[in-house]
Each structure stands twice: as structure tokens, then as C-alpha cells.
Amino acid sequence: MSTTSTVDLDARFRIGNALRIIERDRHAIVSIDTQHCRAEIALHGAQVLSWQPARQADLLWCAPLPPPAIGKAIRGGIPICWPWFGPHASDPRQPQHGLVRTLPWRLAATSEVSAGIRVVFEIEKHGASVRLVLVAGTHLNVALTTENIGTAPLPISEALHTYFQVGDIDAIAVHGLDGCSYRDNTDGGRVKVWHGVCRMPSETIAVFDQTPDVVEIVDPVLRRRVLIKREGGLSTIVWHPGAAVSALKDVAAGTEKYFACVESGNVGASAVTIAPRAAHRLAVTYEIDAL
């Protein structure tokens with residue numbers, strides 16, 4: 001993103017000192033700074049990089065930004081997996097986690113609303129018009145809407161692949177998944193049932209097709225409880241690389257201790273088919289409470 005185009009975007013979408021469009025590491029960034037929170041969203045992937053409510057540590061973990069390039073993903077924040085999650089079902093040449101997390105989105109609107117600062121991004125891809133609406137305030141709400149603009153039914157799977165900042169991966173516990181079945185992708189995709197709270201002492205790739213609408217992360221080191229409230233979705237994916245972090249070139253050794261991915265979406269048996277001219281909305285609200 002050139003400086004000139006960033007300046008143009010700022011002139012069009014700026015909201016006083018509350019929202020600016022800046023350039024950082026060659027990325028165009030929507031920067032929010034209010035009495036309630038600070039947040040950053042990259043136009044590349046429409047990816048939330050940071051949300052820090054007043055008097056709290058950042059909700060999100062993010063690696064250093066790579067140079068912006070089509071086909072290159074940002075590691076961290078809230079990547080958007082769409083219109084498929086994981087590898088493509090029939091074509092291994094297609095990119096992991098879909099088409100839109102490695103592309104620039106169009107910044108469509110910004111405004112002040114009662115709940116905070118509202119930002120809208122749009123992209124058209126795969127026979128669909130896709131809109132991401134984010135509201136950042138005392139809570140963070142992220143809503144992904146897919147409208148089928150074609151003439152045939154549109155099957156999709158999707159996820160908000162959220163990287164939560166944690167005080168210590170060995171200390172946190174994820175609540176709300178007790179008794180839910182999942183595919184263990186560290187064990188050849190075998191179907192198992194999770195018992196008790198979810199911890200990640202080693203590499204974890206647990207894909208739950210159907211879970212309760214509210215999941216929470218209890219973090220005794222950061223002294224907080226993170227509530228993840230999902231609408232329009234059924235699935236939760238829990239991922240941490242563990243020792244397999246050595247294969248991730250964009251994660252510095254040792255930093256994996258400070259993030260955990262608890263993703264919300266519709267995957268596997270809960271994938272969605274959207275009728276022509278119909279729309280589907282997946283939304284997640286993130287809240288932080290002190291322990």
C-alpha cells in the first residue's frame with residue numbers, strides 16, 4: 001500500500017483522533033484509539049491484529065508483519081478462513097484456509113456507534129460478496145457475512161482463526177468443550193470425546209464440528225477470563241503447535257508459549273450451504289473479565 005493511497009484512505013475514512021488510516025511495515029492499517037480500547041486492523045486479509053481494552057493486556061497475539069503480498073498470510077490476530085477451512089477438499093494446489101486471508105480487502109465504511117467504532121470491509125470472491133463488520137469498544141464484535149451472488153447453491157466452511165495472547169500456554173484452561181466430540185488431527189483425524197477442561201500441553205489440533213455457543217479461556221497468569229460468544233456458527237477449533245512450532249518459519253522459537261488459537265466457525269459436518277441470493281452471517285463477540 002503506497003503512502004499516497006494510505007493518505008487518501010485516511011482523508012476519506014478518518015474519525016477525528018478515534019480512527020486513522022496509517023501505514024506500518026508497508027501495510028495499510030486501520031488504527032482505533034478511544035477511551036474504551038485501542039485496535040488495529042490490516043486491509044490485507046481484513047485481519048484484526050490487535051484489540052486492547054482499557055486497563056487490559058491485548059486480547060490478541062501477532063507475529064511481526066511480513067511485507068504485504070498477494071498469497072502471503074499474516075500470522076496472528078484474527079485471520080479469516082473462507083470459503084474453506086484447512087486444506088481444500090479436492091484440490092491440494094489450493095491455498096490452506098481459503099482465498100481471502102491473503103488478499104487486500106476494500107475498506108467500505110467507518111462510523112461511531114453506541115458500542116464503539118464500526119469498520120466495514122468488503123471483497124468479492126468465489127461467487128460471493130463477503131463483508132466483515134467490526135465494532136471495537138469495551139467488547140470486540142466481528143461479523144462475517146457471505147452473500148451468494150451466483151445462481152447455484154454455494155457450500156462454504158469458515159472460521160475466525162483467533163490467536164489469543166496468553167500468559168503461559170501451560171497455565172490456561174478452555175472451558176465449554178466438555179463432552180463434545182472432535183476430530184484429533186494429531187492422531188489421523190480419529191473421532192474422540194473431550195472430557196473436562198481443555199489444556200494444550202503438547203501439539204493440539206482438535207476440530208469440534210458442534211459446540212456450545214459460549215466458550216471461555218481462563219488465564220491465571222494474565223488474571224483474566226476471555227469469553228467467546230458465537231452466533232451463526234456451530235464449530236470450535238482448538239490449535240496450538242507445541243513442538244511442531246519448528247516448522248512455522250514466522251513464529252520465533254519460544255513465542256508459541258504466549259498464544260493459543262480457539263477458533264469459531266462452521267466446519268466439517270457444520271459446513272453451510274447458501275442458496276442463491278441468500279446470505280449467511282457468522283459473528284463472534286469477545287469480552288474480557290478480570291479474575
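Brief remarks on what is shown
- Scope segment 86-116; condition in contact with a Gly (Cβ under 9 Å, 6 or more places away or on another chain), of a type in the set (A, V, I, L, M) and within 19 Å of residue 6 (Cα to Cα); matching residues: 103
- Listed by first and then second residue, the pairs linking a residue in segment 131-145 that is under 12 Å from residue 109 (Cβ atoms) to a residue that is among the acidic types (Asp, Glu) and at pLDDT 95 or above, with Cβ atoms under 9 Å apart and 6 or more places separating them unless they lie on different chains, are 131/122; 131/147; 132/122.
- Long-range neighbours under 8 Å by Cβ, at least six apart or interchain, first residue free of Cβ contacts under 8 Å to residues at least 24 places away in the same chain and among the hydrophobic types (A, V, I, L, M, F, W, C) within segment 237-263, second part of a loop (DSSP other than H, G, I, E, B) and surrounded by fewer than 16 Cβ atoms within 10 Å (Cβ to Cβ): 245/253
Conditions (1) aromatic (Phe, Trp, Tyr); (2) modelled with pLDDT under 95, marked per residue:
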{"residue": "217", "(1), (2)": "no, no"}
{"residue": "222", "(1), (2)": "no, no"}
{"residue": "225", "(1), (2)": "no, no"}
{"residue": "229", "(1), (2)": "no, no"}
{"residue": "239", "(1), (2)": "yes, no"}
{"residue": "249", "(1), (2)": "no, yes"}
{"residue": "270", "(1), (2)": "no, no"}
{"residue": "282", "(1), (2)": "no, no"}
{"residue": "287", "(1), (2)": "no, no"}
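- Filter result (closer than 21 Å to residue 158 by Cα and surrounded by fewer than 17 Cβ atoms within 10 Å (Cβ to Cβ)) within segment 232-269: 269
- Taking the criterion of being buried (at least 19 other Cβ atoms within 10 Å of the Cβ) and out of contact with any helix residue (DSSP H, G or I) (no Cβ under 6 Å at 6 or more places or on another chain), the residues of segment 208-221 that qualify are 208, 211, 215, 217, 219.
- Filtered residue count, segment 256-291, keeping only those that are outside any strand (DSSP E or B) and either within 14 Å of the chain's Cα centre (by Cα) or of a type outside the set (Lys, Arg) (or both): 11
- Among the residues of segment 148-158, the ones that are over 23 Å from residue 42 (Cβ atoms) and either among the charged types (D, E, K, R) or surrounded by fewer than 19 Cβ atoms within 10 Å (Cβ to Cβ) (or both) come to 6 in all.
- The lone exception for residue 144 - which of (1) closer than 16 Å to residue 30 by Cβ; (2) aliphatic (A, V, I, L, M); (3) touching an Asp or Glu at 6+ places or on another chain (Cβ under 7 Å) it fails: (1)
The values are calculated or read from the model by the stated rules, or taken from the named source; none is laboratory data. Bear in mind the structure is a predicted one, so any value in this text is a computation, not a measurement. FYI the Cβ positions are ideal-geometry reconstructions off the backbone, even for glycines, and counts take in every protein chain you see.
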